[in-house]
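J.: One structure, pasted below without further comment.
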Amino acid sequence: MITIAGKWVGTIQGTNSGAVLAEFMVTNERLSGVVHINDPIRGVGVYAVNGEQETPDDIRLVLTPNRQTHMIGHGIVTVLAHMVSPTQFSGDWRSSVGTNGTLSITKVAVEPIGFEQPSQGSTVVSKRTKVFISYSHEDIAWLERLRVHLKPLERDYALDIWDDRKIQAGSKWLEEIERAIQAAKVALLIISADFLASDFITNSELPPLLDAAKRNGAVIMPLIVSPSRFRSTTSLFQFQAVNDPSRPLITMTKGEQEEILVKLSEDIETILKPLL
């Protein structure tokens, strides 16, 4: 049981796909804790864990959604998983709303994915979680407004919110972008026609971000700011957009735009808080 307690990250596949963030505790041979699932259909769900270790290598979990999660359509989830190594579980899940599939989670051994490693010669480990923002420079006004809404998280949780304006003059900019992507737990994509038209974004930023989502449970969050071919872009449309793709931010009132950005900041807090 000792190996199960701790923080885990991974993905679910099947009827739905998305990122999983979990923290398990063991009390009197019972499993408890909290699980966050970034469901691409119903959004981020928060679940209380109740479970047991049925054999030395098998666990059974019942995930009960909190009140807000239940109200947006999430059901009770049953998980049967097998320990394939001391740091990895894989198995099957099924929910009371008729969805089902497989899952794979990996234990966070030292620092969660998205935490910076100390630079060479440093004796201090940074505790900041990285959020990577991908955007077209034509949309810089949206980036600046988004960062206003993320500033409280940056201040209160010491989150490292990264965009390419952090690249220092004279540095190897492509290498810096690659390092930022590799350290990102959340990737915010500011979607517009200019974003989808960018060869650099399409060829250099999106492939490693999508790979991180598939392999390491990174959470991709598209923010639709203006009309584009987002719904026709299969590699991106698989991820749940922050707002309805048929209602880009540019078509909304200022107040509606602000409500979307507040909700986005709250979702990021929900995703990352278990890793802090």
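The values are calculated or read from the model by the stated rules, or taken from the named source; none is laboratory data. Note that the structure is predicted; figures quoted are calculated from it, not measured. A quick note on method: Cβ atoms are made from the backbone with ideal geometry, for glycine too, and the neighbour counts reach across all protein chains shown.
J.: Which one is surrounded by the most Cβ atoms within 10 Å (Cβ to Cβ) among residues in the range 78-92 that are among the aliphatic types (A, V, I, L, M) and at pLDDT 90 or above?
T.: My answer is VAL79.
J.: OK, next. Could you tell me whether the range 183-194 includes any residue that is surrounded by fewer than 14 Cβ atoms within 10 Å (Cβ to Cβ) and either outside any strand (DSSP E or B) or among the β-branched types (Val, Ile, Thr) (or both)?
T.: So far as the range 183-194 goes, no, none of its residues is surrounded by fewer than 14 Cβ atoms within 10 Å (Cβ to Cβ) and either outside any strand (DSSP E or B) or among the β-branched types (Val, Ile, Thr) (or both).
J.: Right, here's the next one. Among the residues in the range 25-39, are any modelled with pLDDT under 80, surrounded by 18 or more Cβ atoms within 10 Å (Cβ to Cβ) and closer than 23 Å to LEU264 by Cα?
T.: Yes, the range 25-39 contains at least one residue that is modelled with pLDDT under 80, surrounded by 18 or more Cβ atoms within 10 Å (Cβ to Cβ) and closer than 23 Å to LEU264 by Cα.
J.: Evaluate the range 241-249: report whether one residue or more is small (Gly, Ala, Ser), outside any loop (DSSP other than H, G, I, E, B), exposed (fewer than 13 other Cβ atoms within 10 Å of the Cβ) and outside the structural domain of ILE37 (by TED's automatic domain parsing).
T.: no
J.: Out of the residues in the range 144-159 that are modelled with pLDDT of 90 or more and buried (at least 19 other Cβ atoms within 10 Å of the Cβ), which is farthest from the chain's Cα centre (by Cα)?
T.: The selected residue is LEU146.
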